[in-house]
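Undergrad: The structure's right below; bear with me while I get my questions together.
The values are calculated or read from the model by the stated rules, or taken from the named source; none is laboratory data. Since the structure is predicted, the reported quantities are computational estimates derived from the model, not experimental observations. FYI the Cβ positions are ideal-geometry reconstructions off the backbone, even for glycines, and counts take in every protein chain you see. Heads up: the accessible areas ignore ligands, DNA and RNA and are worked out on the full protein's heavy atoms, side chains in. Shrake-Rupley method; radii C 1.70, N 1.55, O 1.52, S 1.80 Å.
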Amino acid sequence: QVQLVESGGGLVQAGGSLRLSCAASGSDLSINSINVMVWYRQAPGKQRELVATVRSDGSTNYADSVKGRFTISRDNAQKLSLQMNSLKPEDTAVYYCNAVTSRNAYWGQGTQVTVSS
């Protein structure tokens, strides 16, 4: 089992920055079995969408809407981050951390990001 807790959300003006964190906890075996970690977001009335992915080999992928503005990093086995710069009102959403192993996928409870115009 892996537990994920997001933090760092808040209210920011357009053009500003926020850094989200996701803390993973569980047994060493569970943590070390995570192959992929992902940030998703869900805006009101919209489907959840993938924002950024980091794999165990360090490779990353980003949604076109955030390329060049967001940076995902896995700082250590227990911590995932998302640096968000040049924020836009359309980035407003609940942001979720997701961890994928060969057997399971785990989700955090989400953190709200609100960008005012």
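Undergrad: Give the accessible surface of the chain per residue, rounded to a whole number of Å², with probe radius 1.4 Å and ligands, DNA and RNA excluded.
TA: 52 Å²
Undergrad: Next question. Calculate what fraction, in whole %, of the accessible area of the chain sits on carbon and sulfur atoms when a 1.4 Å probe is rolled over the protein chains. Each step should come with its number before you reach the end.
TA: Details: 2850 of 6090 Å².
Answer for the chain: carbon and sulfur cover 47 percent of the accessible area.
Undergrad: Going 7 Å from the Cα of GLN13 along its beta-carbon direction, which residues of segment 70-108 have the amide nitrogen within less than 20 Å of the resulting point?
TA: Answer for this model: 84-93.
Undergrad: Kirkwood hydrodynamic radius for segment 21-115: how many Å is it when counted over pairs of different Cα atoms?
TA: Averaging 1/r across every pair of different Cα atoms and inverting gives 13.6 Å.
Undergrad: With labels modelled as points extended 7 Å from the Cα through the Cβ direction, what inter-label distance (nm, one decimal) is found for SER117 paired with GLN42?
TA: 2.5 nm
Undergrad: Relative contact order (percent) for the chain, with alpha-carbon contacts under 8 angstrom and 6 or more residues of separation? Spell out each step's value before the answer.
TA: Values: 282 pairs, mean separation 42.5, N = 117.
Averaging sequence separation for qualifying contacts and normalising by length gives 36 percent for the chain.
Undergrad: I've got another one for you. Can you tell me the relative contact order of segment 25-82? Whole percent, Cα pairs under 8 Å, sequence separation 6 or more.
TA: Relative contact order for segment 25-82 comes out at 26 percent.
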